[in-house]
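Derivation of every value follows stated rules applied to the coordinates shown; laboratory data play no part. Just so we're clear, the structure is a prediction, and the values are computed from it rather than from any experiment. Glycine also receives a Cβ, built like all others from the backbone with ideal geometry; neighbour counts cover every protein chain displayed.
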Amino acid sequence: MRTHIFIYALLILGISCSNSDDGPNEGTSGNDSGYVYGKVTDTEGNPLSGVTIYIDNSIFYNSGITATTKADGTYKVNTPQGAWKAYAELSTIYNGTTYHIDLHPTKPEGFPGTEINERNFIWRTVGENPLNPGTYYGGLVKIFKDPNSDIYDYQNIEFTFTPVGDLIDGSSGSVVIRTCGAPGTDFYQLIHNVPIGRYRITAKYLTTGETLKLRDDYFTNDPYEPEIVMDFFGASSGANCENCMYIAFSEL
């Protein structure tokens, strides 16, 4: 997600950002400006407060407006003339780690700043983000082989992710069984879109049926085990990626 500060608007146009209680029918703040409003909820329809809303200019770089949702999950932002898109990001703590989560827009299209526009967002744990095609709400798993392993066809390794406790959104989750993509594809050595949570992970080499040993490959001194328990890395994990995990495999 692109986070921008709308400096030129504040200094030159004097446009203000508002999270007031005024409803969507109050009218615009002038002939050359309108506003965008909306509500942010979880998967059960409950309001999410404290979510950061980014109203990003589609033409000018580094020229956006930032707001925060209120206790009832709503927000409202005055928008000057121009072309805009709305984004939402949730910051939440899960198992002691801070995560930044992009939220799903119910209407991803851009909008003109001189009109009144509604843009709502929902917290989804899986699915492709239409505001950033090719990225997903679920976490990314990166697969690596031990240097001494004789297995090179990563796509024939089946990984099973069994939730340990609730997922990041508080739901119970379910078992996820996945393989990575074939060589030459964008998904080779990668498993996309696993709901962010804590998992007990096992792996099986489908060619032989052999159970493989695994380890957290970000901390390379960890021993290989038949099963491991891992969280996805968050913003405060100290890793070089967010909402991802590194798994290495080796034969038993």
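Taking R0 as 51 Å, what's the FRET efficiency between L206 and I116 from their Cβ-Cβ distance, rounded to 0.05? Calculated value: 0.40.
A simple rule links phi to the HN-Hα coupling: the Karplus curve 6.51 cos²θ - 1.76 cosθ + 1.60 with θ = phi - 60°, which for the stretch 171-182 gives 7, 6, x, 8, 5, 10, 10, 9, 10, 7, x, 6 Hz, with x for Gly and Pro.
Give the label of the value calculated from the structure for P(r) over Cα pairs in 10 Å bins from 0, in percent, choosing from [x] 6, 22, 26, 22, 16, 7, 2, 0; [y] 8, 34, 40, 16, 2, 0; [z] 7, 27, 27, 18, 13, 6, 1, 0. Answer by label: [z]. K142: which lysines have alpha carbons under 25 Å from its alpha carbon, excluding same-chain residues fewer than 8 sequence positions away? Qualifying lysines at Cα under 25 Å: K204, K213.
Summarising the amide proton neighbourhood of R198: residues at separation of 5 or more, or on other chains, whose placed amide H is nearer than 5 Å comprise V164. Our coupling estimate for the stretch 159-166, obtained by passing each phi through the Karplus curve with A = 6.51, B = -1.76, C = 1.60 and θ = phi - 60°, is 9, 10, 10, 10, x, 10, x, 6 Hz, Gly and Pro reported as x.
Think of the chain as having a plus end and a minus end, set by charges on the Cβ of Lys, Arg, Asp and Glu; of P47, T185, S250, P47 sits farthest toward the positive end of this dipole.
Whole-Hz Karplus values for the stretch 196-207 come out as 5, x, 9, 10, 8, 10, 10, 9, 9, 7, 5, 5 Hz, taken residue by residue from phi with 6.51 cos²θ - 1.76 cosθ + 1.60 and θ = phi - 60°; glycine and proline positions read x.
Between K142 and T98, take the C-beta separation as r, use R0 = 22 Å, and let me know the FRET efficiency to the nearest 0.05. Calculated transfer efficiency: 0.60. Distance from the C-alpha centroid of the stretch 199-252 to that of the stretch 86-154: 21 Å, rounded to the whole angstrom.
In a simple Cβ point-charge model (Lys, Arg +1; Asp, Glu -1; nothing else charged), the chain has a dipole of about 200 debye relative to its Cα centre.
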